[in-house]
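Enquirer: Below you'll find the structure I mean.
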Amino acid sequence: MSGENRLPEGFGELERFAGQWAIETSDERKKARIRSTPEERQAFYEAATPLAARGLAYLDTIPLDTWDEPAQELMRILLSLAHISLAVEKQGDEEAHHAINHAHFTITRSTETAATTG
Amino acid sequence: MSDIDVRPPRKTETNGSVEYVPVTKEDVAFVGTGPVPTKPYVDEQWYEDEKEAIFRRVWLHVGRIDEVANPGDFIVREIEAVGVSLLIVRGNDGNLRAFHNVCMHRGTELVCATEGTARSFSCPYHKWTYANTGELRGVPDNGNFFDLDKTKFPLMEVALDVCAGFVFVNLDRHPKQTLREYLGTWADSLEGLNIDVSDVFSEYVYDVDANWKVAYDNFQEIYHGRFVHPRSIGRSTMAPENPFGYPTKYTFREENLHRSKTLWNNPHFTPDGPIEALASELTRAGMAKGPVSGAKRPSTEHYYIFPNITVLSSPLYTFTQTIWPLGPARCRSVIRMYWTGADKNASTRFAREYRMAALLDIHSEDRDIIEAAQKGLSSRALDTVLFQVHEVTCRHFAAAVDRYVTDYRAEVAAKRSGEAL
């Protein structure tokens, strides 16, 4: 790391997760979920969950098309949390089996891309 | 005047939530009670006949009006089962049309792109050029054709109509019914969703090694929910008073092609974790502002538009699943979730991402069980299968498919005997 903050002030605790979970597209987030280990998911979930509401509230104060790189990075991490929370809160021990089916799915469009291209 | 029956018409409102009143055997016995043949799910000739009898004759949902909103906007849709490629384009005159994606010169596929915007389309082979309204505009070295009258060779048009923002086509050169006639009162149901104002959707796709009807049936019945979806759906629709999460109502008549059911949502459901709670709160807030919403009613409506569409509208979201046959035992499922307006802020974006991922989890849980169902059927061990009360939707669907294939076979047989005379 260069020492520069990848994330907005106040969200430094999530810096160590940016490498794995700051992901550009919905389909890549979905894939990262099924590639991850239970320990990686649990650690990320535990660190990010308490910051989720505050993170979204912070980002909501800035017009979406003016986000700087740290803001975009925070959004990407929170969007990954949406996927990972399903593995942790819902699937639990079944996630490994669930991942086998999951690999057959492709997310071909998300509202994120609709917003940037449309 | 309504041409649909409501069985049973019983629903009591208590404190804004719907009390569960079970549908009974007597309510649904009019559709039949006996075993149902497995042949339609495994037989290759049956599949061949379905393609002609159904997919080349009925109205098929191929897209959304917002995909072709402006003059020149086009999408190309493949109907793999029948090997047809369609060019759906809004002309510069503002009208939306569907054409066979085929050049009138020698039948070459005209457009390779899957979507875009164009004033005209040129065939890559000999550069015959068509306006986005279909007229043939340019033929290189025109003089070497034999009395070619360009006005007689516009692109070959396919019947197209729109309901609730859903674009439908009919491959029959002379459709026997208009889209309105075909949909009947379900047109009103779809329009009642206010989904025509949706201009944004999320989409995911998956293939399954199963006959398209085996996959479709999975999404018609709730009986499996308790066993296949205890984690993803769980207590949201299951509770001690309704342990299987059964629907409260089915809506169809025996002779209908389409059907619907009303799902019961557990009024005492609490989220499984803090992120589900956050996402639900943000979704509700977003839905309250957007018109694509079932938020004003506590129930979830699930419509089945023949042959291959499901439309589900819940208090939190509306989505369609369209299941396309790819072969006798293979199909593709396309899921779209509908929203109004581009993401307004981080909270909207997060809520929409969560909803898509959560829905994908439910469909993911279904995938291997659908393949297991097909594998067992394909072994031909069973000649018939059994449907209980809450699989009446599958039974009703099987009857509709059977009518189409039987009528088609009778028509072919009559034509053959006519030729033999």
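The values are calculated or read from the model by the stated rules, or taken from the named source; none is laboratory data. Note that the coordinates shown come from a computational prediction; the quantities given were computed from them, not determined experimentally. Note: ideal-geometry Cβ built from the backbone for every residue, glycine included; neighbour counts use all protein chains shown.
Enquirer: Take the stretch A:26-48 and flag every residue that is within 20 Å of A:Ser110 (Cβ to Cβ), out of contact with any Lys or Arg (no Cβ under 9 Å at 6 or more places or on another chain) and within 11 Å of chain B (Cβ to nearest Cβ).
Expert: Correct list: A:Asp27, A:Lys30, A:Ile34, A:Ala48.
Enquirer: Sort out which residues of the stretch A:96-106 are facing chain B (nearest Cβ under 7 Å) and either assigned to a helix (DSSP H, G or I) or within 18 Å of the chain's Cα centre (by Cα) (or both), and write them in order of number.
Expert: As a first pass, look at the stretch A:96-106 and keep what is facing chain B (nearest Cβ under 7 Å): A:98, A:101-102, A:104-106.
The answer is A:His98, A:Asn101, A:His102, A:Thr106.
Enquirer: Looking for whichever is out of contact with any Cys (no Cβ under 7 Å at 6 or more places or on another chain) and without any contact (Cβ under 8 Å) to a residue 24 or more places away in the chain here; the options are B:Glu26, B:Glu80, B:Glu50. Which one fits? Spell out the reasoning first.
Expert: Numbers: B:Glu80 fails: without any contact (Cβ under 8 Å) to a residue 24 or more places away in the chain; B:Glu50 fails: without any contact (Cβ under 8 Å) to a residue 24 or more places away in the chain.
Checking each option against the conditions leaves just B:Glu26.
Enquirer: Going residue by residue through the stretch B:75-85, is there one that turns out to be of a type in the set (Lys, Arg), under 30 Å from B:Ser236 (Cβ atoms) and modelled with pLDDT of 95 or more? Reasoning before the result, please.
Expert: Of the stretch B:75-85, the ones of a type in the set (Lys, Arg) are B:77.
From the residues that got through so far, the ones that are under 30 Å from B:Ser236 (Cβ atoms) too are none.
No, the stretch B:75-85 has no match at all.
Enquirer: Now for a different question. Do you know which of the residues in the stretch A:62-95 that are among the hydroxyl-bearing types (Ser, Thr, Tyr) and buried (at least 19 other Cβ atoms within 10 Å of the Cβ) is nearest to the other protein chains (Cβ to nearest Cβ)?
Expert: Step one: of the stretch A:62-95, the residues among the hydroxyl-bearing types (Ser, Thr, Tyr) are A:66, A:80, A:85.
Subset that is buried (at least 19 other Cβ atoms within 10 Å of the Cβ): A:80, A:85.
On the way: A:Ser80: 9, A:Ser85: 3 Å.
Here the answer is A:Ser85.
Enquirer: To continue, here is another question. It is to be established whether one or more residues within the stretch B:335-342 are within 14 Å of chain A (Cβ to nearest Cβ), buried (at least 17 other Cβ atoms within 10 Å of the Cβ) and more than 27 Å from A:Thr61 (Cα to Cα). Before the answer, list the steps.
Expert: Kept after step one, since they are within 14 Å of chain A (Cβ to nearest Cβ), are these residues of the stretch B:335-342: B:335-342.
Then drop every residue that is not buried (at least 17 other Cβ atoms within 10 Å of the Cβ), which leaves B:335-342.
Filter once more, keeping what is more than 27 Å from A:Thr61 (Cα to Cα): B:335-336.
Within the stretch B:335-342, one or more residues are within 14 Å of chain A (Cβ to nearest Cβ), buried (at least 17 other Cβ atoms within 10 Å of the Cβ) and more than 27 Å from A:Thr61 (Cα to Cα).
Enquirer: May I ask you to say which residue of A:Leu51, A:Leu14, A:Leu59 is more than 12 Å from chain B (Cβ to nearest Cβ) and under 22 Å from B:Pro274 (Cα atoms)?
Expert: Working: A:Leu51 fails: more than 12 Å from chain B (Cβ to nearest Cβ); A:Leu59 fails: more than 12 Å from chain B (Cβ to nearest Cβ).
From the options A:Leu51, A:Leu14, A:Leu59, the qualifying one is A:Leu14.
Enquirer: Still on this model: Working only within the stretch B:331-372, note down all residues that are of a type in the set (D, E, K, R) and touching a strand residue (DSSP E or B) at 6+ places or on another chain (Cβ under 7 Å). So that I can check it myself, show each step before the final result.
Expert: Kept after step one, since they are of a type in the set (D, E, K, R), are these residues of the stretch B:331-372: B:332, B:336, B:343-344, B:349, B:352-353, B:355, B:361, B:365-368, B:371.
Listed by number, the residues that qualify are B:Arg332, B:Arg336, B:Arg352, B:Arg355, B:Arg367, B:Glu371.
Enquirer: Let me ask something else. Do we have A:Arg29 as basic (Lys, Arg), closer than 17 Å to B:Phe350 by Cα and more than 14 Å from the chain's Cα centre (by Cα) here? Can you show your working first?
Expert: Details: basic (Lys, Arg): yes; closer than 17 Å to B:Phe350 by Cα: yes; more than 14 Å from the chain's Cα centre (by Cα): no.
Here the answer is no, as A:Arg29 does not meet what is asked.
Enquirer: In the stretch A:64-95, how many residues are modelled with pLDDT under 95 and under 11 Å from the mean Cα position of the chain (by Cα)?
Expert: The total comes to 0.
Enquirer: Taking the stretch A:48-96, which residues are in contact with a Phe, Trp or Tyr (Cβ under 7 Å, 6 or more places away or on another chain) and β-branched (Val, Ile, Thr)?
Expert: A:Ile77, A:Ile84, A:Val88
Conditions (1) surrounded by 18 or more Cβ atoms within 10 Å (Cβ to Cβ); (2) without any contact (Cβ under 8 Å) to a residue 40 or more places away in the chain; (3) assigned by TED's automatic domain parsing to the domain that holds B:Val21; (4) under 29 Å from A:Val88 (Cα atoms), marked per residue:
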| position | (1), (2), (3), (4) |
| --- | --- |
| B:Ser198 | yes, no, yes, no |
| B:Phe201 | yes, no, yes, yes |
| B:Asn211 | yes, no, yes, no |
| B:Ala215 | yes, no, yes, yes |
| B:Ile222 | yes, no, yes, yes |
| B:Arg226 | no, yes, yes, yes |
| B:His229 | yes, no, yes, yes |
| B:Glu241 | no, no, yes, yes |
| B:Pro267 | no, no, yes, yes |
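Enquirer: A further question on this structure: Answer with yes or no whether A:Thr113 is touching a strand residue (DSSP E or B) at 6+ places or on another chain (Cβ under 6 Å) and either at the interface with chain B (Cβ under 7 Å from one of its Cβ atoms) or more than 16 Å from B:Ile362 (Cα to Cα) (or both). So that I can check it myself, show each step before the final result.
Expert: Details: touching a strand residue (DSSP E or B) at 6+ places or on another chain (Cβ under 6 Å): no; either at the interface with chain B (Cβ under 7 Å from one of its Cβ atoms) or more than 16 Å from B:Ile362 (Cα to Cα) (or both): yes.
No; evaluated as a whole, the condition is false for this residue.
Enquirer: For the stretch B:366-389, which positions are within 24 Å of B:Val31 (Cα to Cα) and exposed (fewer than 12 other Cβ atoms within 10 Å of the Cβ)?
Expert: Scanning the stretch B:366-389 gives B:Asp383, B:Thr384, B:Leu386.
Enquirer: In the stretch B:81-128, which residues are surrounded by fewer than 16 Cβ atoms within 10 Å (Cβ to Cβ) and in a strand (DSSP E or B)?
Expert: Result: B:Glu109, B:Glu115, B:Gly116, B:Thr117, B:Ser120.
Enquirer: Then there is this: Of the conditions (1) closer than 30 Å to B:Asp27 by Cα; (2) modelled with pLDDT under 95, B:Thr310 satisfies every one except a single condition; which number is it?
Expert: (2)
Enquirer: I'd like to check which helices (runs of 4 or more DSSP H) are fully inside the stretch B:133-251 and have at least 2 residues that are under 15 Å from the mean Cα position of the chain (by Cα).
Expert: Correct list: B:179-183, B:186-191, B:212-218.
Enquirer: Against the condition in contact (Cβ under 8 Å) with a residue 24 or more places away in the chain and more than 9 Å from chain A (Cβ to nearest Cβ), how does B:Thr393 come out, does it pass?
Expert: Numbers: in contact (Cβ under 8 Å) with a residue 24 or more places away in the chain: yes; more than 9 Å from chain A (Cβ to nearest Cβ): yes.
It is true that B:Thr393 is in contact (Cβ under 8 Å) with a residue 24 or more places away in the chain and more than 9 Å from chain A (Cβ to nearest Cβ).
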